1. Filter region 205-231 for residues that are over 14 Å from Leu31 (Cα atoms) and over 25 Å from the mean Cα position of the chain (by Cα); which is modelled with the highest pLDDT?
2. Among the residues of region 34-49, is any in contact with a His (Cβ under 9 Å, 6 or more places away or on another chain) and outside any helix (DSSP H, G or I)?
3. Can you say whether Ala63 is open to solvent by 30 Å² or more (accessible area, probe 1.4 Å), assigned to a helix (DSSP H, G or I), small (Gly, Ala, Ser) and within 30 Å of Asp203 (Cβ to Cβ), as far as the supplied structure shows?
4. For residues that are open to solvent by less than 40 Å² (accessible area, probe 1.4 Å) and assigned to a loop (DSSP other than H, G, I, E, B), scanning just region 109-159, find the one that is modelled with the lowest pLDDT.
5. From the list Ala2, Ala37, Ala48, exactly one residue is more than 16 Å from Ala219 (Cα to Cα) and open to solvent by 30 Å² or more (accessible area, probe 1.4 Å). Which is it?
6. Within region 141-160, work out how many residues are on the phi > 0 side of the Ramachandran plot and hydrophobic (A, V, I, L, M, F, W, C).
7. Tell me yes or no: at least one residue of region 162-172 is out of contact with any Leu (no Cβ under 8 Å at 6 or more places or on another chain), open to solvent by less than 40 Å² (accessible area, probe 1.4 Å) and modelled with pLDDT of 75 or more.
8. Report, by residue number, each residue of region 99-108 that is assigned to a helix (DSSP H, G or I) and under 22 Å from Leu39 (Cα atoms).
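The values are calculated or read from the model by the stated rules, or taken from the named source; none is laboratory data. Treat the numbers as computed from the prediction; the structure is a model and nothing was measured. Methodologically, a virtual Cβ is constructed for each residue, glycine included, from the backbone with ideal geometry; neighbour enumeration extends over all protein chains shown. Side chains are part of the model used for accessible areas, which takes the heavy atoms of the whole protein and leaves out ligands, DNA and RNA. Shrake-Rupley method; radii C 1.70, N 1.55, O 1.52, S 1.80 Å.
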Amino acid sequence: MAVPVKLVALVCAIVGTTCGSVAGPAGAGALAVVALAFLAAQGRWRLAAGGAAVVAVLGVLLALIRFAGLRMAVFSEFHVLMFWNLSPVFLTGWALVSTPPGELSSFLSRVGAPTAVILGVLVTFRFFPTMRAAVSATAASMRNRGLAEAGSVARHPLRTCEYVAVPLLLRCVQVADQLAVSATARGADSPGARGSYHVRKLDARGVAWMALWLVAAGAVSIGGALMDGVR
């Protein structure tokens, strides 16, 4: 899917979740189903399967809380309802955040965004995946050296923190240098319009999904307004 389609999906999920909150869990559930179908249409099967599992668990918990009087020991009923209502936003937001950086920069360049904005968005979107990879590499290195055992961590907690913090800080410095060199090599500081190899144009399927999201968000919002008027 093109970036504008993902943006429309995220905006519709936010508007539908906010305006349709009066409609109750049914409106958020409908938007979550649309979001899962949206991910599946993009071939994001792993993300769609994980999201479906989370939505199913939240739905079961909500049903037990409402009809069986379940009382949560760790999370309150409010937290379950909050995550249920925000699940469409999380799903569509992750679909946008996980978009390849080249597609994002190409879209922002076409709409005339300043270079500072483009670089800021790319660095922000790539920070969490990069740090996750760095943390995984650090944890694997500590396990190989026998430094991640429970006994070693309990005996030397400060040393363990040092083993984790120092590699992460060095990795941050390396990533910053790599980003600066990559941005300069790709002409980030040069004037004029820039092209991109990652051009994904809006097609008929994307237009259809944009229309579906607009209809879904509008239906949920109108349903919430009608229920509010009845009450």
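1. Among those that are over 14 Å from Leu31 (Cα atoms) and over 25 Å from the mean Cα position of the chain (by Cα), it is Leu226.
2. Among the residues of region 34-49, not one is in contact with a His (Cβ under 9 Å, 6 or more places away or on another chain) and outside any helix (DSSP H, G or I), which makes the answer no.
3. So Ala63 fails the test.
4. Residue satisfying both the conditions and the ranking: Gly146.
5. Step by step, each of Ala2, Ala37, Ala48 is checked, and only Ala37 is more than 16 Å from Ala219 (Cα to Cα) and open to solvent by 30 Å² or more (accessible area, probe 1.4 Å).
6. 0
7. Checked against the condition, which is being out of contact with any Leu (no Cβ under 8 Å at 6 or more places or on another chain), open to solvent by less than 40 Å² (accessible area, probe 1.4 Å) and modelled with pLDDT of 75 or more, region 162-172 yields at least one hit.
8. Once the filter is applied, which keeps residues that are assigned to a helix (DSSP H, G or I) and under 22 Å from Leu39 (Cα atoms), region 99-108 yields Pro101, Gly102, Glu103, Leu104, Ser105, Ser106, Phe107.
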